[in-house]
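Read through the structure below, which is laid out as structure tokens, and then see the notes.
Just so you know, all these numbers are worked out from the coordinates, no wet-lab data involved. Here the structure is a predicted model, which means the values were calculated and not measured. Cβ placement follows ideal geometry from the backbone for every residue including glycine, while neighbour counts extend to all protein chains displayed.
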Amino acid sequence: MSNFYPSQFAAAYIQTLPSAKKPDDFNNRSDYWEYMKSRRQLFFNEYLEAIEFADSFGSSLDERDKER
């Protein structure tokens, strides 16, 4: 798999936060916290799958730079 950069995931995930449910949509803070944890995990898994999908199409820029 290509290099994984946590900061790239964080930047992408932060952009999705405006579409997340609000704390007022939940019965209590604990339910909201669980929702946010599972949401972040789901987005992280999708992020990794997207990297793997992109990798399936060929070499990365890092690999091409090494060949030069």
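A few remarks follow.
- The set of residues from region 12-33 being under 17 Å from the mean Cα position of the chain (by Cα) and surrounded by 10 or more Cβ atoms within 10 Å (Cβ to Cβ) comprises Ala12, Tyr13, Thr16, Leu17, Ala20.
- Pairs meeting the criteria (first residue in region 1-14 and touching a residue at least 60 places away in the same chain (Cβ under 8 Å), second residue surrounded by 10 or more Cβ atoms within 10 Å (Cβ to Cβ) and not in a helix (DSSP H, G or I), beta carbons under 6 Å, at least 6 apart or on different chains) are Ser2/Ser60.
- Of all residues in region 41-57 being acidic (Asp, Glu) and over 10 Å from the mean Cα position of the chain (by Cα), the one that is farthest from Gln15 (Cα to Cα): Asp55
- Matching residues in region 10-36 - criterion: being among the aromatic types (Phe, Trp, Tyr) and assigned to a helix (DSSP H, G or I): Tyr13, Tyr32, Trp33, Tyr35
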